[in-house]
1. Go through the residues of region 75-95 one by one and say whether even a single one is open to solvent by 80 Å² or more (accessible area, probe 1.4 Å) and farther than 29 Å from Cys165 by Cα.
2. If the requirement is being under 30 Å from the mean Cα position of the chain (by Cα) and without any contact (Cβ under 8 Å) to a residue 40 or more places away in the chain, which of these qualifies: Thr114, Thr119, Thr126?
3. Consider only pairs whose beta carbons are under 7 Å apart and that are at least six residues apart or on different chains; among these, list those whose first residue lies in region 2-16 and is modelled with pLDDT of 85 or more and whose second residue is open to solvent by 100 Å² or more (accessible area, probe 1.4 Å) and not aromatic (Phe, Trp, Tyr).
4. How many residues does region 74-108 hold that are farther than 20 Å from Val49 by Cβ and not aliphatic (A, V, I, L, M)?
5. Among the residues of region 57-90, write down those that are within 24 Å of Asn18 (Cα to Cα), in a loop (DSSP other than H, G, I, E, B) and without any contact (Cβ under 8 Å) to a residue 40 or more places away in the chain.
6. Cβ-Cβ under 6 Å, sequence separation 6+ or interchain: first residue in region 91-105 and part of a loop (DSSP other than H, G, I, E, B), partner surrounded by 14 or more Cβ atoms within 10 Å (Cβ to Cβ) and β-branched (Val, Ile, Thr). Which pairs?
7. Answer yes or no as to whether Ala28 is in contact (Cβ under 8 Å) with a residue 24 or more places away in the chain, of a type outside the set (S, T, N, Q), farther than 30 Å from Asp132 by Cβ and buried (at least 17 other Cβ atoms within 10 Å of the Cβ).
8. Here's a check for you: in region 170-189, which residue that is at pLDDT 90 or above and among the β-branched types (Val, Ile, Thr) is most open to solvent (accessible area, probe 1.4 Å)?
Amino acid sequence: NDNKIEAIGTELLGLKSNTCYSFSIDLAYSNKFSYDGIIYKPTMLNIWVSDEPCTKGSLIFSSPEISHTNWQTYSFNLSGRYNYIILEPNYVTSEKYYGNVLIDNIQILENELTLGNDTTICQGETLTLAVDNFWQNIEWSNGSTKNNVVAGQGTTWVIAQKGNCIIKDSIIIKYRDPIEVDLGDDISLCFANNIELNASTPNGTYKWNTGSTEPIIYTSSPGFYQVEVSNGCQIVTEGLTVFERKNCCEITAPNIFTPNNDGFNDSFQILTNSNVTTYKVKIFNRWGILVYSSNELNNFWKGSINNSNEAPNGIYYWVINITCNEGTYNYKNEFNGFVTLLK
């Protein structure tokens with residue numbers, strides 16, 4: 001239009017950082033357009049990018065005068081994460097006139113500069129890092145200007161250029177930690193619960209003699225357990241033997257006692273070699289009536305009924321529930337029997 005500039009814009013979707021985008025666009029001029037006998041003149045094309053729609057933010061390309069009537073391809077580069085692109089024909093000179101430019105075949109090519117994700121390598125190893133050959137003015141953190149470098153532990157960065165794109169990327173390389181697997185000493189435990197055998201290590205793969213490939217296994221059976229652990233750098237083998245210990249969370253109880261205050265066998269005394277965490281004893285007479293109860297292991301029954309009246313001679317039924325701690329494991333057990341009270 002006379003004394004006016006027209007433009008078209010669109011949203012840019014999915015632009016990535018560390019990427020130089022190569023744009024190509026075909027442009028031509030038509031000498032067939034006219035208005036009131038006035039032939040349209042050639043114009044040029046400006047291309048803008050911005051973060052807001054319909055806003056000319058940064059000028060990334062200006063073509064020469066498009067006076068050729070055949071299609072010709074023009075190229076430019078873009079880096080950065082912009083949201084919108086605007087194509088704007090403009091006057092070649094300060095004179096305002098009727099003009100045109102024809103646009104077709106817009107294409108975008110990604111040129112990503114990436115050294116990959118941060119990674120780990122074995123002690124003493126190195127990693128070869130490389131960028132594609134189309135990058136120019138390459139500079140590595142060690143001063144090299146080649147397309148590839150050999151890097152060890154630490155941070156390595158590279159800066160490279162393509163057209164007006166200048167891209168930088170970096171990678172952190174760490175040495176893989178040595179394998180430290182310790183299943184502990186041989187275990188002698190009661191088998192009321194499963195036992196956990198833990199061989200976990202960073203980046204580890206596992207092969208147990210049980211056939212498991214998990215870092216942790218559980219067992220309630222005695223035997224020899226062995227695991228082979230690999231992290232891609234080392235292979236370590238560790239094993240232990242699990243023994244079943246007898247008389248776990250066991251008690252001994254008398255079958256007769258004589259509460260006559262003679263200092264000998266005066267109480268129903270319960271004994272155990274286990275580490276008791278909870279304890280409950282109940283004693284019943286021959287008719288099933290509760291005559292005594294206690295939650296304290298060392299609070300022995302001295303032959304009273306409800307801690308007051310003396311119980312008569314006879315046979316009494318008792319039930320004991322006990323929980324014992326063996327290392328990190330708790331075991332529960334229940335015992336019952338008969339005791340004769342005789343004065």
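1. Within region 75-95, the first condition is being open to solvent by 80 Å² or more (accessible area, probe 1.4 Å), and the residues that meet it are 75, 81, 94-95.
The next check asks that each one be farther than 29 Å from Cys165 by Cα; those that pass are 94-95.
Yes, region 75-95 contains a residue that is open to solvent by 80 Å² or more (accessible area, probe 1.4 Å) and farther than 29 Å from Cys165 by Cα.
2. Numbers: Thr114 fails: without any contact (Cβ under 8 Å) to a residue 40 or more places away in the chain; Thr119 fails: without any contact (Cβ under 8 Å) to a residue 40 or more places away in the chain.
Selected residue: Thr126, the only one of Thr114, Thr119, Thr126 that is under 30 Å from the mean Cα position of the chain (by Cα) and without any contact (Cβ under 8 Å) to a residue 40 or more places away in the chain.
3. Listed pairs, sorted by first residue: Gly9/Cys54.
4. Taking region 74-108 and keeping what is farther than 20 Å from Val49 by Cβ, we get 91-100, 102, 104.
Then keep just the ones that are not aliphatic (A, V, I, L, M); that gives 91, 93-100, 104.
So the answer is 10.
5. Gly57
6. Qualifying pairs under 6 Å: Val101/Thr43; Val101/Ile66.
7. Working: in contact (Cβ under 8 Å) with a residue 24 or more places away in the chain: yes; of a type outside the set (S, T, N, Q): yes; farther than 30 Å from Asp132 by Cβ: yes; buried (at least 17 other Cβ atoms within 10 Å of the Cβ): yes.
So Ala28 passes the test.
8. Restricting to residues being at pLDDT 90 or above and among the β-branched types (Val, Ile, Thr), the top hit is Ile172.
The values are calculated or read from the model by the stated rules, or taken from the named source; none is laboratory data. This one's a predicted model, so the numbers in the text were calculated from it and none came from an experiment. Neighbour counts run over all protein chains shown; Cβ positions are idealised from the backbone, glycine included. When the accessible area is computed, the model is the full protein with side chains, heavy atoms only, and any ligands, DNA or RNA have been set aside. Shrake-Rupley method; radii C 1.70, N 1.55, O 1.52, S 1.80 Å.
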